[in-house]
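Beneath this line is the structure, given in structure tokens, with notes to follow.
Computed from the coordinates by the stated procedures, all read-outs in this text should not be read as laboratory data. All of these numbers come straight from a predicted model, not from anything done at the bench. Cβ placement follows ideal geometry from the backbone for every residue including glycine, while neighbour counts extend to all protein chains displayed.
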Amino acid sequence: MGRPNVGKSTLINALVGTKVSIVTPRPQTTRHRILGLVQRPDAQIAFVDTPGLHHRAQRALNKAMNRTASSALADADIAVLVVEALRWTGEDTLALERIARSGRPAVAVVNKVDRVHPRERLLPYLAELGERHAFCALVPVSALKSNGLEPLLKVIAEILPLSPPLFERDTLTDRSEAFRIAETVREKLTLELNQEVPYGIAVAIERMAEEDGQLVVDAAIWVDREGQKPIVIGAGGERLKRVGTAARRTLNALLGRRLHLRLWVRVREHWADSARALKELDLEP
């Protein structure tokens, strides 16, 4: 758990060793509860990536994301609070308060330590963090550079309760192929659009079929206002074409198969405030 844009998804991907959760520089990129499995000789660790907690949840989508994060915590054996080195905000406090109320054993992961120079500047921050809560451990990491991950895994494996394996040994995530395709398209859209269409975009898979030795996928991109449709499509359809090409290349590598992707843009007014739309997109916990 942690505030938006602190690096939770980057950390999950680094721990699992493959991309199970999309990553962009935009806060609140993660909308769902996403499982990533680390398979070790001595342990099976199921990490759950959660949306970033934020104070001012006004839209139904944002409220649903907060509920998703809270429900994931209720089911966890260990809470991992991810914070950014040398920073502490009100949203960090919100995440820690929820962890404290849960009563779960907690580990604090201090991310982005590669940005701290000299490294000694980290020591007072770690001391202050240790005063905030009785953490089982404070672990400095750089998720982006995959540094410090082994000590984190070792600590978590030692704290986890004894249990038979809950998943097959070759499982990396609980999410379907269709979900991963939709999320990859949304990732490329978010990177391409930057600030132009902030949060009014969703992706829904309408059809998947095997044709001529490749997977053919029809995906609908939802926007919540008519004026956003030409922005997503771009002049002469060039922007949508770039998004499709980038998503297809990533998915070919990620899924290890040829994929043909067809994208359409549809207007669905105010979908982010519609309970029905959030349910269709599996965004309600």
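Brief remarks follow.
- Taking other Cβ atoms within 10 Å as a rough exposure proxy, 32, 260 sort from fewest to most as 260, 32.
- All lysines inside 17 Å of residue 145 as judged from Cα atoms, apart from same-chain residues fewer than 8 positions distant: 8, 19, 112
- In terms of surrounding Cβ atoms within a 10 Å radius of their Cβ, 179, 47 rank from fewest to most as 179, 47.
- Dividing the helix sum by the residues of the chain, where each DSSP H run of 4 or more adds -39500 (n - 2.57), gives a mean residue ellipticity at 222 nm of -11500 deg cm²/dmol.
- Mean Kyte hydropathy of -1.0 or more with a Cα span along the axis of at least 20 Å, helices from DSSP in the chain: 60-74, 177-193, 238-255
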